[in-house]
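The values are calculated or read from the model by the stated rules, or taken from the named source; none is laboratory data. Values in this document were obtained by computation on a predicted structure and should not be read as measured data. Here Cβ is always computed from backbone atoms with ideal geometry, including for glycine, and neighbour counts include all displayed protein chains. Side chains are part of the model used for accessible areas, which takes the heavy atoms of the whole protein and leaves out ligands, DNA and RNA. Shrake-Rupley method; radii C 1.70, N 1.55, O 1.52, S 1.80 Å.
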Amino acid sequence: NFFESNPIFEKDIPVCRPFASSWDDPCPVKLNLSAGAYRTEEGKPLVLEVVRKAEQQLANDLSCDKGYLSIDGLADFNKLSAKLILGDDSHAVDENRVVTIQCLSGTGSLRVGAEFLAKHHQQRVVFVPNPTWGNHPFIFTLAGLSVEYFRYYDPQTRGLDFEGMLEDLGAAPPGAIVVLQSCAHNPTGIDPTLEQWEKIRQIVRSKGLLPFFDNAYQGFASGNLDSDAQSVRMFVADGGECLIAQSFAKNMGLYGERIGALTIVCTSQDVARKIHSQVLLVVRPMYLSPPIHGASIVTTILKNSDMYKDWTIELKGMADRIISMRQQLYEAIQARGTPGDWSHIIKQIGMFSFTGLNEKQVRWMAKEYHIYITYDGRISIASLSSKTVPQLADAIHAAVT
Ligand code: PLP
């Protein structure tokens, strides 16, 4: 009995979650704002109209089968995904120095990239923002890399610690991998301005660091796919190397389809070709080949100009609803005369608001108000509705007074 005799299984260690579980709470008005998932005004998950349309088209197409994809996934999906993040006029794409492979959403893309780097990159240190998405340290540590942090959030200003960030990146060892969230930073909702991105680019390049972009929210920050890709495109335009993990979970609402892509931008076609075969060697023993359905949906939408347009309209609708929820929450807090400056709620970008509430207050809100947010005080604004805003504002007011 190997498992029984292994001391690690003696204790029942709960799954490490950064939030209290709402599952056991029988309260009918409990509110779960911890997960980064978009909800409608009615509090329901949203399947985009354009996704339904693409699925119908696929169901009627008798030439679609359920056979294995190749190790790197659907070829059209890879081409179109690269274009989506790098732009129609990308020199890197035209010069065939871009490798894109279909992966299991953003997480899988990060993990394949991390495994590839752990195997082939000499510098084994990866710098992530402080704070960052909770899974980043797990992904890179498990791949065998050592994780360090660069300053990002300044709790005093509730804004970007830009000087601290530049200082830490400037002190990173040459070759260090730097994880940069391309837009709608999770959990802080704070993105650098374009001028700041340019300074970040300069320091990353001058210190010889390797940027690894996590592009989980393209379109969710501004409502515009091209605007949200500017940080990445700025780095790619300088001709240097980078990696990009792309997810269609949020912007196409394909969370459970696990569809995303890893792109590696190289400096020459020859290197790209060699990298491609090495990435295939990482994927093959891991899961052999990726799933077909999500890739087919994304490809159908990206390929068809009418569907693409419909998607951008629905995406903008989601982004606008989030912005309106921010405004409503801010106004509701103001109306209650809650002490403190809450303007960060409307200044922050994307799905989340990093409220500044501490763990004690968060736990108290769960107990007294049946509202669940992550222990670091992050609220998924995308899961709020006009109906639930007053409930949350009441809870915040009570928690801080
Ligand atoms: N990166 C960031 C910053 C995220 O917030 C998330 C999900 O919340 C992901 C990546 C991965 O998402 P998925 O694997 O669902 O595409």
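The residue that is nearest to the chain's Cα centre (by Cα), among those in region 118-136 that are within 18 Å of Met165 (Cβ to Cβ) and open to solvent by 10 Å² or more (accessible area, probe 1.4 Å), is Trp133.
The condition of being at positive phi, touching a residue at least 24 places away in the same chain (Cβ under 8 Å), within 16 Å of the ligand (Cβ to nearest atom) and touching a Gly at 6+ places or on another chain (Cβ under 8 Å) holds for only one of Ser109, Ser105, that being Ser105.
If you take just the helices (runs of 4 or more DSSP H) that sit entirely in region 342-401, which of them hold at least 3 residues that are closer than 19 Å to Pro18 by Cβ? Before you say what the answer is, go through the steps one by one.
On the way: elements: 344-347, 359-369, 389-400.
Hits in region 342-401: 359-369, 389-400.
Looking only at residues of region 62-93 that are within 12 Å of Thr299 (Cβ to Cβ) and more than 24 Å from the chain's Cα centre (by Cα), we find that the one that is least open to solvent (accessible area, probe 1.4 Å) is Leu69. A count restricted to region 248-272 and to residues that are in a loop (DSSP other than H, G, I, E, B) and either without any contact (Cβ under 8 Å) to a residue 60 or more places away in the chain or within 14 Å of the ligand (Cβ to nearest atom) (or both) stands at 8. Scanning region 351-373 for residues that are surrounded by fewer than 24 Cβ atoms within 10 Å (Cβ to Cβ) and of a type in the set (S, T, N, Q) returns Asn358, Gln361. Here the condition is being touching a residue at least 12 places away in the same chain (Cβ under 8 Å), within 16 Å of the ligand (Cβ to nearest atom) and open to solvent by 20 Å² or more (accessible area, probe 1.4 Å); of Glu115, Glu41, it holds for Glu115 alone.
Looking only at region 1-59, residues that are at pLDDT 90 or above and among the β-branched types (Val, Ile, Thr) come to 4 in all.
Could you please give the count of residues in region 265-289 that are open to solvent by less than 10 Å² (accessible area, probe 1.4 Å) and within 18 Å of Lys79 (Cα to Cα)?
Pass one, region 265-289, residues open to solvent by less than 10 Å² (accessible area, probe 1.4 Å): 265-266, 272, 279, 283.
If we keep only those that are within 18 Å of Lys79 (Cα to Cα) too, we end up with 265-266, 272, 279.
Selection size over region 265-289: 4.
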